[in-house]
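Contents: one structure, followed by commentary.
Only the coordinates and a few stated rules stand behind these numbers; no lab work does. All of these numbers come straight from a predicted model, not from anything done at the bench. Note that each Cβ is placed from the backbone with ideal geometry, even for glycine, and that neighbours are counted across all protein chains shown.
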Amino acid sequence: MRVSYAPGYYAPIPHEHIFPMGKFPGLYRHLMEQDIIHASDVIEPSMVDMSSLLTAHSQRYAKGIMTGSLSKKEIRRMGLPWSKALAIRSRLAVQGTINAAIMALQDGIAGNIAGGTHHAMTDHGEGFCVFNDVAVAVHVLQKSFWAQKILIIDCDVHQGNGTAKLLGDNPNVFTFSLHGEKNYPFRKPPSTLDIGLPDGTGDNMYLETLGDALDEVFNAFNPDLVFYLGGIDPLETDQLGRLSLSFNGLYNRDRLVIKTVRQMDKPLVLLLSGGYAPSLKRTVQAHALMFKAAEEIF
């Protein structure tokens, strides 16, 4: 399975910051050590070009990220301290998702060891998301005729408000978000299908709800390509999640999504999205479940 990854995915941030920036190189090393990916599978992206970014973001905002000219209020809203390294990693990760989508169309499945930054809006970042990689990738793929009908399955515990907002008027995109109903964001632009779960939802209810929803989605929409945002924050131990999935429940979630897409014979793109486990080690182990499941099923 080919994946996108670059050492530049890591950008230094304060050690006490809740965002686990070290998960990107940590997950890369873990997947290599476990023989889930190999050196020949790793495709290093370049920085996404500005014309691609502008398919989803305003010129003012994109340039503000690159030059560091955003206001203090905008940087606070983004949730990450600005640096040149952050600007570079954000552009690398977006191109990584575009590349992973093209590789998935060629191979049947591919991943980005980053991505799924679904809170970023046209003119601002929020929720630790700088650019909306999926929205940019969708526009690039559709404009270049790589794919037209695109399904986004978003299982991050936080609703994909940026993706819903940026792609809501696109009739050839189906956005499905399964999230915590009372969790961030508190204003949730409508996805094509939104399912909000109550606090404390455990494995059985979660998996039953997801299975029924996937049946509904594929009965309604026949995509050329599927993006899967496999956020690990539904875990019971997550610091920001409020749901109650076990580690095994999270693995079964990933298997359910990947197996369903495989049975439908659709190309699949794997993206990390969010997760705030108690330790970096546990964060890496949880994100690796998605790639492990993909290796087994594909």
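Remarks
- Count of segment 139-177 residues, restricted to those that are farther than 19 Å from M264 by Cβ, more than 11 Å from the chain's Cα centre (by Cα), in a helix (DSSP H, G or I) and in contact (Cβ under 8 Å) with a residue 40 or more places away in the chain, is 7.
- Flag if F247 is touching a Ser or Thr at 6+ places or on another chain (Cβ under 9 Å), closer than 12 Å to T175 by Cα and touching a residue at least 24 places away in the same chain (Cβ under 8 Å): no
- Qualifying position, being surrounded by 17 or more Cβ atoms within 10 Å (Cβ to Cβ) and closer than 23 Å to I102 by Cβ, among L178, L214, L167: L167
- Residues of segment 245-298 that are out of contact with any helix residue (DSSP H, G or I) (no Cβ under 8 Å at 6 or more places or on another chain) and part of a loop (DSSP other than H, G, I, E, B): D265, K266, S273, G274, P278, S279.
- Check on D254, out of contact with any Asp or Glu (no Cβ under 9 Å at 6 or more places or on another chain) and surrounded by 21 or more Cβ atoms within 10 Å (Cβ to Cβ): yes
- Qualifying residue in segment 208-225 (condition: outside any helix (DSSP H, G or I), in contact (Cβ under 8 Å) with a residue 60 or more places away in the chain, in contact with a helix residue (DSSP H, G or I) (Cβ under 7 Å, 6 or more places away or on another chain) and not hydroxyl-bearing (S, T, Y)): yes
- Considering I150, I109, I113, the condition of being over 23 Å from D41 (Cα atoms), of a type in the set (A, V, I, L, M, F, W, C) and touching a strand residue (DSSP E or B) at 6+ places or on another chain (Cβ under 7 Å) is satisfied by I150 alone.
- Test: residue in segment 78-85 that is over 25 Å from N183 (Cα atoms), basic (K, R) and surrounded by fewer than 24 Cβ atoms within 10 Å (Cβ to Cβ): yes
- Out of I195, I232, sole residue that is among the β-branched types (V, I, T), within 20 Å of the chain's Cα centre (by Cα) and not in a strand (DSSP E or B): I232
- Hits in segment 75-91 - residues which are closer than 24 Å to K165 by Cβ, assigned to a helix (DSSP H, G or I) and touching a helix residue (DSSP H, G or I) at 6+ places or on another chain (Cβ under 7 Å): A87, R89, S90
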